[in-house]
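Please read the structure below before turning to the comments.
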Amino acid sequence: MNKGKYLDTIVEILKNELHAENIYDNTNLIDEGLLDSLSTIALVASLDDELGIEIPMRYLIPENFETPSKIEDLILRIENEDK
């Protein structure tokens with residue numbers, strides 16, 4: 001795994017998608033009320049557009065999207081499955 005490989009990009013995507021400036025690696029997006037089901041779908045589309053990472057439906061659970069760091073963990077896991 002290459003931790004940190006996508007984190008800055010994920011944070012920037014989140015700031016743009018959620019119109020929020022105070023998002024950091026471990027910001028709890030769900031507890032802070034920044035991410036809901038609709039914004040998660042928009043985020044998944046943006047991740048695909050920006051990073052070329054397609055997130056399968058089976059991974060669309062809140063736990064995978066709690067923080068930018070967890071989103072990166074998910075992306076790295078998906079990348080490793082493809083190898």
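A short reminder: the numbers here are calculations on the coordinates, not readings from a lab. Keep in mind that what you see is a predicted model, and the values were worked out from it rather than measured. Cβ coordinates were reconstructed from backbone atoms using ideal geometry, including for glycine residues, and neighbour counts include every protein chain displayed.
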Could you give the dipole magnitude of the chain about its Cα centre, charging the beta-carbon of Lys and Arg +1 and that of Asp and Glu -1, in debye to the nearest 20? 220
Of the candidate values [x] 7.0; [y] 5.4; [z] 4.9, the one computed for mean projected area of the Cα convex hull in nm² from this structure is [z]
Förster radius 22 Å - calculated FRET efficiency between ASN28 and ILE53, Cβ distance, rounded to 0.05: 0.50
Please list, ordered by chain and number, the residues whose modelled amide H lies under 5 Å from the amide H of THR67; skip anything fewer than 5 residues away on the same chain. LEU29
Measure nothing fancy, just the Cα-based angle from helix 37-51's long axis to the longest principal axis of the chain, in degrees from 0 to 90, nearest 10. 50
Please determine, in degrees from 0 to 90 and to the nearest 10, the orientation of helix 7-18 with respect to the longest principal axis defined by the Cα atoms of the chain, where the helix direction is its Cα long axis. 40
Which of the peptides 6-13, 43-50, 57-64 is most tightly packed, and how do the rest follow, judged by the mean count of other Cβ atoms within 10 Å per residue? 6-13, 43-50, 57-64
